[in-house]
Amino acid sequence: MSSHFPKLCCSWASELNTGRHIASQRAPIPDVPAIYLVEPTPANLRAITNDLQKGLYSSAYINFLSSISRPLLEDFAAQTAAAGTSESIAQVYDQYLNFIVTEPDLFSLGMQKEHTYWALNSAKTKDEELDRVIDRIVSGLFSVVVTSGTSWLPGDWWQT
């Protein structure tokens with residue numbers, strides 16, 4: 001089954017000095033919108049809220065690499081409402097980009113640092129860690145399916 005995943009290249013962002021780590025210090029550019037491409041984590045959401053409170057950018061387009069959970073989205077909404085920054089958020093998207101394309105027909109979930117094989121097969125792995133690893137795998141595979149642009153099921157699978 002061939003799907004030909006698109007490769008995304010962000011070298012232009014680093015060349016223009018526009019792609020910054022969310023934890024880095026950034027100078028205000030109040031007449032320019034910010035485009036965030038982040039994992040949906042509490043720390044990243046706090047950093048975005050802080051940026052909006054400081055008025056660093058005119059507005060924010062928030063793009064999550066993976067799907068944001070409803071409780072985390074509700075926490076973010078409460079943060080922005082409390083900070084009075086909700087009007088600065090232009091759009092929020094789940095992009096499903098939490099995988100790495102190395103070739104047109106090859107992808108990786110990029111989990112080498114997490115020792116996934118060991119975590120899945122070791123009796124010493126705690127349930128919480130196992131759940132986290134499995135959730136990351138499921139989220140990554142779901143992202144691959146969503147962004148592949150092809151159907152992964154035969155056309156008449158429901159008739160068998």
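Would you mind counting up the charge near Gln79? Only other residues with Cβ under 13 Å from its Cβ, with Lys and Arg at +1 and Asp and Glu at -1.
Net charge around Gln79: -2.
Under 5 Å between amide hydrogens, which residues at least 5 positions from Tyr96 or on another chain qualify, with H placed 1.01 Å from N in the peptide plane?
Amide H neighbours of Tyr96: Ser66, Ser67.
Filter the trypsin sites (Lys or Arg not before Pro) in the stretch 81-147 to those in DSSP coil with at most 13 other Cβ atoms within 10 Å of their Cβ, and list the result.
Passing both the DSSP loop test and the Cβ count: Lys124, Lys126.
Throughout, read-outs are computed from the coordinates displayed, never taken from laboratory work. In this text the structure is predicted, and so the values were computed from the model without any measurement. Here the Cβ is made from the backbone with ideal geometry for all residues, glycine too, and neighbour counts use every protein chain on show.
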